[in-house]
Amino acid sequence: MSSPHSTAPRRRPPHGPHGPRFSKEKAKDFKGTMRRVLGLLAPHKLALLAIFVFAVGGTVFNIVGPKVLSTATTEVFEGALAAMQGTGGIDFDAVARILLATLSLYLLSTLCSFVQSWLMTGMVQRLCYKLREDINLKIDRMPFGYFERNSTGDTLSRITNDVDTMGQTLAQSVVQLVTGITTVAGVLVMMLLISPLMTLVALLIIPVSLALVMLIVKRSQKYFFAQQEVLGEVNGIIEESFAGQGIIKAFNAEQRTLDSFADANRRLYEAGWKSQFAGGLMKPVMDFVGNLGYVAVALMGGWLAVQGAITVGDIQAFIQYVKNFTQPLSQMSQVGAQLQQMAAAAERVFEFLSEDEEADELAEGQPPVNLGELRGAVSFEEVSFGYAPGSEVIRGFSARVEPGQTVALVGPTGAGKTTMVKLLMRFYDVSSGCIRVDGRDLRTIARPQAREMFGMVLQDTWLFGETIRENIRYGRLDATDEEVEEAARAGCADHFIRTLPGGYDYVINEDSSNVSQGQRQLLTIARAILANRPMLILDEATSSVDTRTEERVQEAMDRLMEGRTSFVIAHRLSTIRNADLILVMRDGDVAEQGTHEELLAKGGFYAELYNSQFEGCE
């Protein structure tokens with residue numbers, strides 16, 4: 001069953017009139033990133049060794065082929081010349097043996113290339129599988145704040161586009177590097193054996209080629225990183241546009257969304273064509289330089305043949321070797337462009353994997369919490385917290401909640417009510433002060449255990465692309481079908497579930513648009529009921545249901561809250577009149593606290609909030 005990793009709102013950096021600029025132009029640490037990539041390959045040493053052996057073998061067989069074939073050319077030329085002079089003829093048996101040997105060499109080369117390609121593909125896919133698994137596990141260990149700060153689409157781009165870019169580049173570049181280096185070394189040896197003078201002429205193209213390649217690489221590296229970065233932004237815009245189609249249409253913001261996408265798409269186009277142009281420029285440049293060397297070698301070879309220094313077959317073999325010599329140089333120049341793109345993608349992947357994680361370990365010497373013995377006494381002692389340094393949302397908050405009490409958190413928007421819930425769930429830790437549960441500092445309780453103490457129903461519902469039964473069962477995965485249905489009845493969801501096609505087996509689509517907002521809320525309430533946690537957090541849990549259903553749900557919630565410490569966030573103050581304790585929050589502080597009647601009698605801020613609900617009716 002799929003699961004979300006955050007219910008936080010998706011955000012992306014705001015766009016200026018011309019869109020955001022690139023924060024980086026190239027990989028911050030190309031060498032360091034490549035070292036980390038090599039570290040990923042370390043567990044595959046045997047596979048890499050086999051790939052190396054077969055790649056070298058295939059290349060060597062391919063290199064020897066032209067030299068063997070040249071003897072056939074010489075045999076034919078000399079035999080034809082002898083026939084013209086009347087002193088002999090062509091030895092076709094010898095030519096046939098030579099051609100058969102050449103064919104065998106090329107078949108062996110093809111077989112080696114097939115094996116190394118098969119091994120390389122398997123190794124790269126295992127590596128990509130491991131990276132995607134690591135990223136997915138990393139998502140579950142990320143602090144809650146990361147998802148509030150970063151675009152969902154950008155994170156998705158790292159797990160899909162960037163990992164795929166790494167895999168594709170590795171599959172191509174590693175083999176090309178091995179075969180290219182082997183080909184250059186082997187061809188150089190064969191060329192020296194044929195003619196050192198012609199080899200010297202051929203080698204003159206290397207410094208020219210390297211200078212051109214380095215010039216192109218230096219100028220193009222920034223475009224490869226920009227391409228990967230903007231691709232993540234484009235994915236973020238598409239993901240948000242798809243998920244928020246209802247809001248976009250409701251506010252007639254289609255054109256604004258299209259303009260935002262067009263701007264990002266334009267910048268992706270610019271970065272993409274520049275990077276691809278720079279990468280594609282290397283091959284024609286190398287081909288041009290190679291052709292110049294090719295002409296020079298042909299002229300030198302003709303002169304040496306006239307002098308009788310080499311045979312016609314050797315000229316044919318040498319010219320073929322020159323072509324084989326320049327081809328791997330051209331390929332390795334392409335590998336340089338590919339490695340830049342891979343470095344940009346790998347850096348984004350490693351950057352994500354290096355993000356700080358939530359610490360789940362228990363404080364040293366601290367025992368785990370026994371949920372069965374949990375009383376539910378909660379105390380806030382001078383709690384202060386801010387999402388950013390120097391910007392506190394809660395300042396010096398203090399309150400004490402007795403076991404089994406229902407505590408209502410009320411106040412205007414931005415007063416810090418939802419922030420208190422995040423602190424209780426250890427989505428964030430307090431900046432100063434302390435939250436204690438049964439006298440124990442919440443920070444000494446492992447985060448998973450801290451969250452096991454609370455059943456939670458949020459105003460923002462979240463359902464998965466699964467059946468209704470499995471969505472409710474998410475509250476307790478080992479629950480039976482009967483327990484799931486009982487929880488649905490307690491949460492007033494059973495009736496509407498049975499009216500749907502398939503009932504409890506009705507599949508909710510990806511964005512939950514095939515059930516209403518009120519129905520989604522009922523399902524999350526049923527999920528919390530099934531979880532049966534010692535304490536409860538209800539953040540406007542009945543805000544999306546009608547008045548009649550609210551009464552029924554409130555009865556179910558009252559039964560659920562009985563004997564449990566419950567924290568209720570409410571804007572409709574009429575729903576929390578029976579709370580044991582009402583904490584009135586204002587600008588991050590507790591302005592007032594007491595029961596509903598006590599606070600009304602004071603005639604203070606709570607009374608003002610309460611009475612303001614009815615002003616529109618007068």
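The values are calculated or read from the model by the stated rules, or taken from the named source; none is laboratory data. This is a predicted model, so every value here is computed, not measured. Heads up, the Cβs are rebuilt from the backbone with ideal geometry, glycines too, and the neighbour counts pull from every protein chain shown. Remember, those area values only see protein heavy atoms, side chains included, never the ligands or the DNA or RNA. Shrake-Rupley method; radii C 1.70, N 1.55, O 1.52, S 1.80 Å.
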Plugging the Cβ-Cβ distance of LYS323 and GLU355 into 1/(1 + (r/R0)^6) at R0 = 45 Å yields, to the nearest 0.05, a FRET efficiency of 0.40
If you take the Cα Rg of the range 411-496 and divide it by 2.2 N^0.38 Å, with N the number of residues, what do you get? 1.38
Can you list the lysines whose alpha carbon sits under 30 Å from that of LYS67, skipping same-chain ones fewer than 8 residues off? LYS283, LYS323
Ordering of 258-271, 502-515 by packing [mean C-beta count within 10 Å, highest first]: 258-271, 502-515
Can you tell me the accessible area per residue over the chain, all protein chains present, probe 1.4 angstrom, in square angstrom? 50
Efficiency of FRET between ASP587 and ARG149 - r from beta-carbon atoms, R0 22 angstrom, step 0.05: 0.40
What whole-number distance in Å separates the alpha-carbon centres of the range 41-77 and the range 155-232? 19
Taking each full run of DSSP H in the chain as one helix, which ones are at least 27 Å long along their axis (Cα atoms) and have mean Kyte-Doolittle hydropathy of at least -1.0? 45-85, 92-141, 163-194, 205-243, 254-306, 312-353
In the chain, with Lys and Arg counted as +1 and Asp and Glu as -1 at Cβ, which of these residues, LEU108, SER275, ALA211, has the Cα nearest the positive end of the dipole, that is, farthest along it? ALA211
Roughly to the nearest percent, how much of the accessible area of the chain is carbon and sulfur, given a 1.4 Å probe? 58
Once you have the Cα-Cα distance between SER516 and MET214, take 0.36 nm times their residue separation minus that, and quote the gain in nm to one decimal. 102.7 nm
Ordered by packing density, taken as the mean number of other Cβ atoms within 10 Å over each peptide's residues, highest first, how do 190-197, 135-142 rank? 190-197, 135-142
Could I have the simple spin-label model distance between ARG400 and TYR269, label points 7 Å from Cα toward Cβ, reported in nm to one decimal? 6.8
In debye, nearest 20: dipole of the chain around its Cα centre with unit charges on the Cβ of K, R (+) and D, E (-)? 2280
Roughly what would the spin-label model give for GLU608 and GLU452, points 7 Å off Cα along C-beta, in nm? 4.5
Could you give the length gained on full extension between GLU373 and LEU41, defined as 0.36 nm per residue of separation minus the Cα-Cα distance, in nm? 114.6 nm
Using a basic spin-label model with each label point 7 Å from the Cα along Cα→Cβ, how many nm lie between LEU100 and GLN276? 5.0
At a 10 angstrom cut-off on C-beta neighbours, averaged per residue, how do the peptides 470-481, 519-530 rank from highest to lowest? 519-530, 470-481
With the charge dipole of the range 449-514 built from beta-carbon charges (+1 for Lys and Arg, -1 for Asp and Glu) about the Cα centre, the Cα from TRP462, VAL507, LEU477 projecting farthest to the positive end belongs to TRP462
What does the extension gain come out to for ASN578 and LYS283, with contour length at 0.36 nm per residue minus their alpha carbon separation? 98.4 nm
Using a Förster radius of 60 Å, what is the FRET efficiency between ASP134 and ILE90 based on their Cβ-Cβ separation? Nearest 0.05, please. 0.40
Most positive-pole-ward Cα, ILE537, TYR129, THR547, against dipole of the chain from beta carbon charges: TYR129
Students often forget the sequence filter, so: which lysines lie under 16 Å Cα-Cα from LYS31 once same-chain residues fewer than 8 apart are removed? LYS218, LYS222
Here the equivalent ellipsoid of the chain, derived from its Cα gyration tensor, has semi-axes (largest first, whole Å) of 73, 25, 22
Straight-line reach from LYS138: which lysines fall under 18 Å, measuring Cα to Cα and dropping same-chain residues less than 8 apart? LYS130
Would you mind checking the range 300-316 for residues with the amide N under 16 Å from a putative spin-label position 7 Å along Cα→C-beta of ALA82? 312-313
Output the Kirkwood hydrodynamic radius of the range 372-411, Cα pairs only, in Å rounded to one decimal. 12.0
Note on the chain: contact order normalised by length, alpha-carbon pairs under 8 Å, 6 or more apart, percent, works out to 15
Per the helix-only model, the chain has a calculated mean residue ellipticity at 222 nm (DSSP H runs of ≥4, -39500 (n - 2.57) each, divided over all residues, rounded to the nearest 500) of -20500 deg cm²/dmol
For the range 189-291, what are Rg and Dmax over the alpha carbons, in angstrom? 23.4, 78
